[in-house]
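Trainee: The structure is given below, and queries will be raised subsequently.
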Amino acid sequence: MQRSLVMTVIGKDRPGLVESVASMVARHGGNWLESRMSRLGGQFAGIVHVAVPTDRESSLVADLQSLGRDGLTVVVKADQADRTKPAEIVRQLEVVGQDRPGIVSQITQALAGFGVNVEELETECASAAMSGEMLFKARARLSIPHTCNLSELRRTLEKIASDLIVDVSLEPAA
């Protein structure tokens, strides 16, 4: 019998950091299912989904916690996915515009107001090719309840985009 675990990992970036977690999972008979990891501001942060034999769960968690002595913080939680949840509408949201404080806050506040779940979010600031100004880019995978009025959501996002002078698109997810 397998137990599904989700863990967050954060620590000062260094070679071998991912390997230390991956080899520990493998030593306990675990299977690395999926992950999202990135270096941000000199820190390495990630979220990892693994499956491990039920009888080895506690020893894996204890070993992962021991990585703290190497400066790596690992938090492990049992997968609590609601497998009975009805299918929702999945959309891809993209935002691009001159960087300014509050873009993520205003967009996510509107999404929350419509009951939209942000499943994935990637953001970055980069220098614009022609002007050299800082350009903010965001891409999000959204899970939208069937009860949500998509036209009203789109109008709300377009109003925010106009106020912030950014481009927003909401398209079916690939």
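Read-outs throughout are calculated quantities, based only on the coordinates presented, and are distinct from any laboratory measurement. In this text the structure is predicted, and so the values were computed from the model without any measurement. Methodologically, a virtual Cβ is constructed for each residue, glycine included, from the backbone with ideal geometry; neighbour enumeration extends over all protein chains shown.
Trainee: Given 0.36 nm per residue, what is the gain on full extension from Gln109 to Asp55 after removing their alpha carbon distance, in nm?
Mentor: Value of the extension gain: 15.2 nm.
Trainee: Let me ask something else about it. Treat segment 89-172 as a sphere of radius equal to its Kirkwood radius over Cα pairs and apply Stokes-Einstein at 20 °C in a medium of 1.002 mPa s; give the translational diffusion coefficient in µm²/s, rounded to a whole number.
Mentor: Once the numbers are plugged in, D ends up at 164 µm²/s.
Trainee: While we're on this one: How would the chain be classified by its alpha-carbon gyration tensor: rounded, prolate or oblate, with rounded meaning a/c under 1.5 and the a/b versus b/c comparison settling the rest?
Mentor: Oblate is the answer for the chain, as a/c is 1.5 or above yet b/c matches or exceeds a/b.
Trainee: Within segment 53-129, report the trypsin sites (Lys or Arg not before Pro) that DSSP leaves as loop and that have at most 11 other Cβ atoms within 10 Å.
Mentor: Loop-located and lightly packed - Arg83.
Trainee: Roughly speaking, what is the stretch gain from Arg155 to Met134, that is 0.36 nm per residue apart minus the C-alpha to C-alpha distance, in nm to one decimal?
Mentor: That pair, Arg155 and Met134, stretches by 4.9 nm at full extension.
Trainee: Let me have the relative contact order for the chain, percent, based on Cα pairs under 8 Å that are six or more residues apart.
Mentor: Reported relative contact order: 23 percent.
Trainee: As an exercise, identify the GluC sites (Glu not before Pro) in segment 105-152 lying in DSSP coil whose Cβ has no more than 15 other Cβ atoms within 10 Å.
Mentor: Glu133
Trainee: With axes computed from alpha carbons, what is the tilt in degrees of helix 103-113 against the longest principal axis of the chain, rounded to the nearest 10 within 0 to 90?
Mentor: Compared with the principal axis, the helix lies near 90 degrees.
Trainee: Going by alpha carbons, how many degrees (0 to 90, nearest 10) lie between the helix axis of 57-66 and the longest principal axis of the chain?
Mentor: 80 degrees
Trainee: Quick check: the angle from helix 150-164's long axis to the longest principal axis of the chain, C-alpha only, nearest 10 degrees?
Mentor: Around 80 degrees separate the two axes.
Trainee: Hey, another quick one. Taking +1 at the Cβ of each Lys and Arg and -1 at the Cβ of each Asp and Glu, which of Ser169, Met130, Val104 sits farthest along the dipole of the chain towards its positive end, judged by Cα position relative to the Cα centre?
Mentor: Value computed over the given set: Val104.
Trainee: Within segment 94-128, name every residue whose backbone N is under 13 Å away from a label modeled 7 Å from Cα of Arg36 along the Cβ vector.
Mentor: What the label zone holds, given the 13 Å backbone N cut-off, is 117-124.
Trainee: Given the -39500 (n - 2.57) contribution per DSSP H run of 4+ residues, what per-residue ellipticity at 222 nm results for the chain, rounded to the nearest 500 deg cm²/dmol?
Mentor: Theoretical 222 nm ellipticity from helices: -8500 deg cm²/dmol.
Trainee: Any idea how far apart Thr123 and Asp63 come out in nm if each label point goes 7 Å out from Cα toward Cβ?
Mentor: 3.7 nm
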